[in-house]
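Where a number appears in this text, it was derived from the coordinates with a stated rule and is not lab data. Worth saying up front: this structure is predicted, and the values here are computed from it rather than measured. Note: ideal-geometry Cβ built from the backbone for every residue, glycine included; neighbour counts use all protein chains shown.
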Amino acid sequence: MNAQTSFSSKEIQAASSDQYLNGLLKQCQGQAVALQDSETATWLQQVRDHASSSLAQSSMPTKRDEEWRFTDLSPLMQHDFQADGEASVAPSTVEGLTLPEASTTRLVFVNGVYSHQLSDVTDLPKGVYVGNLSCMSAAHTYRLQNYLAQQEGSEELFTALNTASLTDAAVIWAAPNQIVETPIHLLFLSVPGETPTLSQPRALVVAHTSASLEVIEQYTSLSESENRPNTGELPARQGELPARPYLTNAVTEIWAEENAQVTHTRVQQESQQGFHIGKSAITQSRDSRYTCNAISFGARLSRHNLDVFCHGSQSDTNLNGLTVIRGEQLSDTHSAIAYTTPHCTSDQLHKCIIDDRAHAVFNGKVFVPKAAQLTNAAQLNRNLLLSPKAHVNTKPQLQITADNVQCSHGATVSQLEADELFYLRSRGLNESDARNLLIDAFAAEMLQRIPTPSLRKTLSASLREGRGQKAEGRG
Amino acid sequence: MIRENSNVILSVRNLTAEVEGTPILNGVNLEVKAGEIHAIMGRNGSGKSTLSKVLAGHPDYKVTEGEIIFQGENILEMEPDERSLKGMFLAFQYPLEIPGVSTLDFLRVAYNSQRKQQGLEEMDAFDFEDLVEEKLELVKMDPSFLERSLNEGFSGGEKKRNEILQMALLEPALGILDETDSGLDIDALKIVANGVNQLAKPDNATVMITHYQRILNYVEPDYVHVMRDGRIVTSGGKELAQELEERGYEWIEEEAVSEVSAQ
Amino acid sequence: MTATTAKNLIDQPYKYGFVTDVESDTIPKGLNEDVIRMISAKKNEPEFMLDFRLKAYRQWQKMNEPNWFHASYSPIDYQDISYYSAPKNNDSEKKQSLDEVDPALLETFEKLGLPLSEQKRLSNVAVDAVFDSVSIATTFKEKLAKEGVIFCSISEALQEYPEIVKKYLGSVVPVGDNFFAALNSAVFTDGSFVYVPKGVTCPMELSTYFRINSGETGQFERTLIVAEDSSHVSYLEGCTAPMYDTNQLHAAVVELVALDDAEIKYSTTQNWFAGDENGKGGIYNFVTKRGKCQGKNSKISWTQVETGSAITLKYPSCVLVGDNSVGEFYSIALTNNMQQADTGTKMVHIGKNTRSKIISKGISAGNSTNSYRGLVKMGPKAHGARNYSQCDSMLIGDNAEANTFPYIQVDNDTTKVEHEASTSKIGEDQLFYFAQRGISEEDAVSMMVSGFCQEVFNQLPMEFASEADKLLSLKLENSVG
């Protein structure tokens, strides 16, 4: 990789006064590579430069920033993350992570870098393109200009950081009227190296008029020592090295054009030492339907920014979220839905299961301006606390200036019901089984919404696995 | 189906209308006979949805010229409920959510308003429920829908199917479907299309306003009209829709422009 | 379906706006300790009562009128109000029989649909009729007495049962609780008193009907209901007032005490004069209502249908002290024209496993403002406590305003608090949808409003549920367009 070629001429002006941020930005710029095709290279470099320069005015967020009030980034800032993408992964290692439903519609990225060897797009359904940005021909990339890094909010700090190094990216492109029934699997692996690793995965999904597709976006880590999937075990077992810290800063942009339908499942299972900052930005046109199933199990500190911009009447948005955390984990979900036209609907249900001393944050914004009359927005956040030290901050935030709308919001914080536990135990279940049954039931509502059966199965297993170990740990 | 000597159900002549002083229909002419299915297509803002609202008598629109003859009578002065009771049905582009009013109650009151108009006795709650459940089959809806508040929390597909259910129940002489197909996934689209086909009879007529060509793969129109700038600029058979799908609207617009310049 | 029909719906005349011509014993305007002594003396009160009043007055003097609510009005001159007015011939001693009551008063209540005479009175509801803060008559007293239930005016209770009054008065709403409660504690003239002894289920609905008649008198009633262990009582109050173009202050205090396993259900239909369509005149309804679930497993349930008053500030609340006690609040608040309502509840959870439920339905039409304000507080010892709140607003027309201010304060981690809120509207679009299905505007509005309020209507005593439904329809006739 020839890093020199990618250095921006604006690099010096683009330096932020924030030392830490500046360091990260340098890493990003160092990683960005010029593409083969010169025309593409030019506009892509403009996109990167724009992102870099937008960072000049920024500094790392602190708890004084309203958007980061409950999420302290100082543990992340203790590390000097290096964008050193190279890592080799044996195909056998990822076998356990592939999905039979998407065996020939899979793209794999290791530390944000495309892996041709691990990917398989040999049998794509008709009417859809799935591939890596830097492998695309100029004729194809040309069409991406109106979409890539063109979402609202793309100057947000972490998104801009990702864009500044934009080289490899998963691209999914469905032609008009194409109904793609095979799910498309994007697998983003982190393989932390000696020094804390920075990886910046990127994806772009465009569903044209009346097209329909399903995408599964999965983040997980392989520990270097054995190169095997992270199953989320809490303390490293004796004799093993503790997991290494790394930072995944992911950005996914989705465009659902007129009458299109996108089902998006996002699974985040980073390691207990990983940091994960993720952005999902969605733009919806009239009559489009978007569903997000965001499942988050992992990371020491994780943040998911989910921004949906509805730019046409009768768009329909469904946001389902499940966060399952324990130990010292912190998981933060910030969602925002913004309307500009009437007659749109959205339904959001976000659940958190919080154990030990873990901390969950939920902030759900819905903006309904005057132009968005007859909007129908429902939002509910349910939290299940499994330990007295588990902690949640929830803040539904509806900003409604239209007057002819139906909007509702709700938040609940609860524990396992003593009555229900008692009932189960009176039927002969031991305490641990009874607890697990109730926790599974709480999570099941969300897992059931995932359309891919094999993934649904794996996820319910992971859910139980983590708890099983914990119960043993408790003795 | 086109039949000779069928009754004219709807005749729109030189219809001109405005909303808050802005002209939005500029002389629409349309004749719909019993047994026929018409499709009206056009870009955003071409006036196609406005036409449906003007026909149904939405209070926001002011008719400035022309006439609407429905079942042999000029209905311009009629209130929306009078037009409905006369047999005009509009399936809404955006069916409204009405909390607190159950779907069943709504359907019953609507159905009985019509019976009252016809000088019939109101149907009692039990008989009515039987009748509705029979109709539910057509749109593959679960009877539990009836207990829920009208359209509240319904998915886009459920709302549109509910519109077709209402049409099945009220058996109108003219069903106007205002973009009933938009926002539907393929399965819901097929159900809606099937419902429309089942309800089309020799003595009634259907006008389908649509933004997308896809529904015309399932419901075969006798006539296709294209609207632009508040007028019907071209009409043809079902092959016109296919041509639109392939060539877009530009060629029609170019033709329209050259027509105007030729004049 | 035009703006005119819409306006007609709103402009329904207030049919209780007449004035009864009775001679009143009204003291001069103004407030000082002498006035308070005079009120107490006129009512021949025991010593502790005068002390109570003076203590309240002294605290009140140090307090500021609140301004945190979502309503505005011109300042009240507390020296320009007369603090005592009673129909003459109806001195502090209650009449032994209705024959002795001024026929003009009986006629007034008959006109209000509440006949008091034995032939005409409601067969299953005992009524205490309060006219300008003075209790006129109480029906069914003897029948209730047989069960040991005391139902009389608070003045009478102070004469007959001073020890019960002394024990509970001010125990739920302390004299210095808030500005208006302090004022009430200092100057209240009359109100209702209910005492249900241990194990008794009150055999009929108890009801107080408040009638404001006088134009320049402040209205300060005081109601106290005590339910002993395992007793049950359902109580209903109704309110109307004549139309004056000046504003009148109504600052009542209601205290409820429920002991172990007791249950009190308190329902209100408030239809004070709301002022004219331009906001002239009407009652300022600044009321403190609070119930204390003192005993374990006790339950207090508030239901209110608020349709009147120019301004309403009212938060019927429950203090859940006893373990497993339950508080409920069901409310419909309807505002029209220039009315302003800031109403809601407070649920204060102190004991273990206490439960509360809030269902609030606000309907705002015309140029009115309707705000829900509620507090749910989970104390540090309220382990396992739960709350469910649902606050729905409905806007009618384009100029009404609805707000929701939920406050949730949780001081322990074993509780469960659920809050849901929604806003909907009856406007042209909704009416067009109904019309397109052949349903008339009147039917459409009544279907939508009844449907919206159903959950609360279900809580009202049977006799009043349909009355309340009619009241709402009446108030809203032609309010859309």
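Computed values, structure above
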read-out: Cβ-placed point charges (K, R +1; D, E -1), dipole of the protein assembly as shown about Cα centre in debye, nearest 20; value: 3220
read-out: Distance from segment C:325-397 to segment A:356-411 (C-alpha centre basis), Å; value: 19
read-out: Chain B - convex hull of the alpha-carbon atoms, volume per residue in Å³; value: 136
read-out: Ranked packing of C:74-83, B:236-245, most packed first, by mean Cβ within 10 Å; value: B:236-245, C:74-83
read-out: Cβ-based charge dipole, chain A, positive-most Cα from A:Tyr423, A:Leu385, A:Ser280; value: A:Tyr423
read-out: With Cα atoms, 0 to 90° folded angle of helix B:156-170 axis to chain B main axis; value: 80
read-out: Antiparallel DSSP beta bridges within segment A:62-415, as percent of all bridges there, nearest 5; value: 10
read-out: Extreme residue, positive dipole direction of the protein assembly as shown, given options C:Leu334, A:Gln178, A:Thr248 (C-beta unit charges); value: A:Thr248
read-out: Too-long pairs where the Cα-Cα distance tops 28 Å, listed order kept, from A:Lys63/A:Lys279; C:Lys292/C:Lys381; A:Lys365/C:Lys416; value: none
read-out: Unsatisfied cross-links (Cα-Cα over 31 Å) in the set B:Lys62/B:Lys135; B:Lys33/B:Lys116; A:Lys26/A:Lys370; value: B:Lys62/B:Lys135; A:Lys26/A:Lys370
read-out: Share, in percent, of DSSP beta bridges within the protein assembly as shown that are antiparallel, nearest 5; value: 15
read-out: Neighbour net charge for A:Ala390 - beta-carbon separation under 12 angstrom, K R +1, D E -1; value: -1
read-out: Charge sum, other residues only, whose C-beta stays under 9 Å from A:Ile282's C-beta, Lys/Arg counted +1 and Asp/Glu -1; value: -2
read-out: Estimated FRET transfer efficiency when R0 is 41 angstrom, pair C:Ala145-C:Ala104 (beta carbons, to 0.05); value: 0.90
read-out: Stokes-Einstein D for segment C:322-423, Kirkwood Rh over Cα pairs, 25 °C, 0.890 mPa s (µm²/s); value: 175
read-out: Kirkwood-Stokes translational diffusion coefficient of segment B:88-150, alpha-carbon pairs, 20 °C, 1.002 mPa s, µm²/s; value: 168
read-out: Calculated FRET efficiency for the pair A:Ser17/A:Lys389, C-beta based, R₀ 35 Å, to 0.05; value: 0.40
read-out: Virtual spin-label span in nm between A:Asn430 and A:Asp72, 7 Å along Cα→Cβ; value: 3.8
read-out: Shape category assigned to chain A from the gyration tensor of Cα positions, a/c cut at 1.5; value: rounded
read-out: Nearest 10 degrees, 0 to 90: helix B:250-262 Cα axis against chain B principal axis; value: 50
read-out: Proximal aspartates and glutamates to C:Lys55, defined as alpha-carbon separation beneath 13 angstrom and excluding residues fewer than eight positions away on the same chain; value: C:Glu33, C:Glu47, C:Asp177
read-out: Under 17 Å from C:Lys141, Cα to Cα: lysines that are on another chain or at least 8 residues apart; value: C:Lys94, C:Lys95, C:Lys120
